1. Let me check something: with ligands and nucleic acids excluded, how do ARG148, ARG22 order by accessible area (1.4 Å probe), largest to smallest?
2. Pick out which of LYS250, LYS27, LYS143 has the largest mean-square fluctuation in a Gaussian network model of the chain, springs linking Cα atoms closer than 10 Å.
3. For segment 88-150, what is the Kirkwood estimate of the hydrodynamic radius, computed as the reciprocal of the mean inverse distance between distinct Cα atoms, to one decimal in Å?
4. Calculate, for segment 5-115, the solvent-accessible area per residue in square angstrom, rolling a 1.4 angstrom probe over the heavy atoms of the protein chains.
5. Based on DSSP H runs of at least 4 residues, each adding -39500 (n - 2.57), what is the mean residue ellipticity at 222 nm of the chain after dividing by all its residues, to the nearest 500 deg cm²/dmol?
6. Leaving ligands, DNA and RNA out of it, report the carbon-plus-sulfur percent of the accessible area of the chain at a 1.4 Å probe.
7. Please list 3J(HN,Hα) in residue order for segment 281-296, calculated via the Karplus relation 6.51 cos²θ - 1.76 cosθ + 1.60 where θ = phi - 60°; whole Hz, with x for glycine and proline.
8. Taking amide H atoms as placed 1.01 Å from N in the peptide plane, list the residues 5 or more away in sequence, or in a different chain, whose amide H sits under 5 Å from that of GLU175.
Amino acid sequence: MRLLIAGWQGQIGSALVSLVPRRADVKSFAVGRPARDLCEQPTLHRAMSNAAPDVVISAAAYTDVDAAETDEAEAWALNCDGPRMLAELAAERDIPIIHLSSDYVFDGLGERAFREDDSPSPGTVYGASKLAGEQAVAAVAPKHAILRTSWVFSASGSRFVSAIVERARAGEPIEAVNDRVGSPTYAPHLAAAIIDLAGRLTAPEPKPGSGGETQGASAAFGTFHAAGSGTATWFDMAQAFCGALADAEKASAAPPVVRPVASAPTSMGAVRPVNARLDCARLAEMHGISLPRWQEGVRDCVAELMRTCASPSAAE
């Protein structure tokens, strides 16, 4: 199976590129920065021709949620125009496209996890541009799988992980927000799920009478939620990281104190959703894919930090 990965330098894209070599049945081709290349038809045409992919993975995005409030043109270009062009090329070749989206397409309110059939209502430029990207992909590519995810983190590329590890190693007290809840997602876990989904989307369709026709080929496509199992606040995650880091480094001292704090009001940038939980039952029901619990992601992330012996990047 040949994958064309657009946006290979982001957390999800880099996790995909790292994971593919471990799979003898998968080969990847990546296109990425300069980011504007992903909005240029000639660049995408060349990438598609050179890769001859079986599946296109649209992982490129403008992810600076605060900057998007004033840099609207660039956010819309990368989050809507680029994915639409990729989807058009995938449709021309009659191959599936897997497009990564975000919980920010919702209003971030409510007392339960968001389902795929809940009405989107983004409250930020970032969320609006991601929703427009979803709609553009769905409009031009019949064989599309839109994956919304939440609170992605990794050993490199996550500001949250970088800050927690730095303070924990310095023995400094840590303050973490305890009034926002989400579905934390470890990037390599999501990457593995994407590759599994790509395999399922390219599998031969069941023959009539084989017992697989009740679902229908079209049911394999559509919008799905894909996030780590379980929910947490940033305070929960900070505590889990500190404990896992202390265990991994066999620290004699107790983990640093983590203090719960309320979200600070902001006069600049974007408002963060209070509720970023995603209900991922549909992906499990339709494709048999469930991501591990977020606590496993924390342990795996710390283990990766120990293996690389390098401080995580401050870039998100």
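The values are calculated or read from the model by the stated rules, or taken from the named source; none is laboratory data. Note that the structure is a prediction, hence the values are computed from the model and not measured. What goes into the accessible areas is simple: the full protein's heavy atoms, side chains included, and nothing from ligands, DNA or RNA. Shrake-Rupley method; radii C 1.70, N 1.55, O 1.52, S 1.80 Å.
1. Numbers: ARG148 10, ARG22 185 Å².
Largest to smallest exposure gives the sequence ARG22, ARG148.
2. LYS250
3. Values: mean 1/r = 0.0808 Å⁻¹.
Value: 12.4 Å, from the Cα pair sum.
4. Values: 4940 Å² over 111 residues.
Heavy-atom accessible area per residue stands at 44 Å².
5. Details: 10 runs with 116 residues, N = 316.
Here the helix-only value at 222 nm equals -11500 deg cm²/dmol.
6. Numbers: 7360 of 14410 Å².
Looking at the chain in its full context, I get 51 percent from C and S.
7. Values, residue by residue: 5, 5, 5, 5, 5, 7, 10, x, 10, 9, 7, x, 5, 4, 4, 5 Hz.
8. Sorted by chain and number, the residues that satisfy this are ARG259.
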